[in-house]
Amino acid sequence: MAYRHFGRSGDIWKHLPLAQILHIERPATYIETNAAYATYQLEHTPELEYGVFRLMAHRTELPQIAASRYVHLLTAFNHGDALRTYPGSAVQALALLGEWAGRMVFYDLDPDAVASLERYIEVKGKDHLATVRCEDSIDAAWAMIDTLGPSAFIHFDPYLVLQPGPSGRSYLDCFIKAAAGGVRAALWYGFMTRPEQKRIRAALIAALKEARVPSTKVHAMELHLARLGEVLPPFNPGIAGCGLAVANLRGSSIDAMEVLGRECEALYRGARYADRFEADQVFAPWFVNRPR
Ligand SMILES: C[S@@+](CC[C@H](N)C(=O)[O-])C[C@H]1O[C@@H](n2cnc3c(N)ncnc32)[C@H](O)[C@@H]1O
């Protein structure tokens with residue numbers, strides 16, 4: 001299996017807010033450009049202890065996290081027992097939206113990931129609702145955005161958001177197009193150092209400006225190591241920090257993101273990675289412009 005970042009801290013500041021957002025937004029059409037695998041088996045590695053196991057162990061001290069759709073989903077998925085199986089984002093979306101979405105499309109380039117999702121969808125009897133495509137999703141998403149209206153939601157999660165595909169476009173370009181076109185969207189991005197964080201922030205701001213997207217339509221919030229530095233950290237939990245940029249969402253979704261982000265900061269207060277490294281995280285709602 002190529003994808004190994006499931007359940008790590010980067011997934012916390014992705015799946016926790018996203019599950020809540022999807023529950024609030026209830027899109028009729030859901031597109032995911034980088035779906036990866038259906039499910040994953042969890043082991044007690046340092047990365048996972050710092051990720052999903054930490055969240056589940058501390059959830060009773062954190063009321064919003066405890067009541068979140070994400071925790072509800074993880075608990076239901078494991079039948080209330082100890083966590084063994086982690087659902088990927090596509091399976092989470094199927095569980096959250098399967099009752100009311102009319103159409104779901106998942107993309108990935110990895111044939112094994114696509115096969116695992118196809119199997120899952122077939123076993124769950126969701127073939128009428130969901131399709132999986134093994135193709136480059138940058139151009140596919142770029143073209144599809146023109147056909148989507150405000151009832152759709154696109155989740156972009158490629159990791160390398162600025163890297164251009166064969167046509168020269170990036171996932172950031174697709175996110176901006178969705179934002180400008182009134183389509184609801186979420187873009188997750190990761191970074192290992194301050195310079196990388198600054199580069200992505202600057203690219204997002206420049207692209208919004210160039211496309212003349214009103215700043216009130218887009219919000220971006222990050223969770224990152226308090227000791228994020230100019231060079232790589234002395235340990236690697238998978239990612240040193242990550243952000244979720246969202247477009248055209250309801251105010252209640254933005255409120256939910258902020259509340260959960262603050263609790264994530266509390267979740268990591270005093271945290272140590274592998275019992276050794278100081279590994280507090282800070283919540284940074286760095287691009288939040290509410291309509292007046
Ligand atoms: C960060 S992982 C996705 C994780 C998943 N969304 C989750 O949260 O459980 C990124 C995935 O994007 C896929 N990918 C990368 N570039 C792609 C492209 N151009 N088109 C489609 N899939 C791509 C990779 O194969 C990988 O499975």
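The values are calculated or read from the model by the stated rules, or taken from the named source; none is laboratory data. Everything quoted here is computed from the prediction, not taken from an experiment. Note: ideal-geometry Cβ built from the backbone for every residue, glycine included; neighbour counts use all protein chains shown.
Just a few scattered comments:
- Pair list, Cβ < 7 Å and 6+ apart or interchain, from region 263-292 residues that are under 15 Å from TYR50 (Cα atoms) and modelled with pLDDT of 95 or more to residues that are β-branched (Val, Ile, Thr) and assigned to a strand (DSSP E or B): GLU265/VAL282
- The residues of region 207-223 that are of a type in the set (A, V, I, L, M) and over 23 Å from the mean Cα position of the chain (by Cα) amount to a single one, ALA211.
- The set of residues from region 182-199 being closer than 20 Å to LEU18 by Cα and either within 16 Å of the ligand (Cβ to nearest atom) or crowded, with 16+ Cβ neighbours inside 10 Å (or both) comprises VAL183, ARG184, ALA185, ALA186, LEU187, TRP188, TYR189, GLY190, PHE191.
- Meets criteria (buried (at least 17 other Cβ atoms within 10 Å of the Cβ) and touching a residue at least 24 places away in the same chain (Cβ under 8 Å)) for ALA95: no
- Long-range neighbours under 9 Å by Cβ, at least six apart or interchain, first residue over 18 Å from ALA38 (Cβ atoms) and in contact (Cβ under 8 Å) with a residue 40 or more places away in the chain within region 132-144, second more than 8 Å from the ligand (Cβ to nearest atom) and of a type in the set (Asp, Glu): ILE138/ASP173
- Checking LEU42, LEU55 one by one, the residue that is farther than 23 Å from ALA115 by Cβ and either within 16 Å of the ligand (Cβ to nearest atom) or touching a residue at least 60 places away in the same chain (Cβ under 8 Å) (or both) is LEU55 and no other.
- Residue pairs meeting the criteria (Cβ under 6 Å; at least 6 apart or on separate chains; first within 12 Å of SER137 (Cα to Cα), in region 107-120; second polar (S, T, N, Q)): TYR107/THR33; TYR107/SER137
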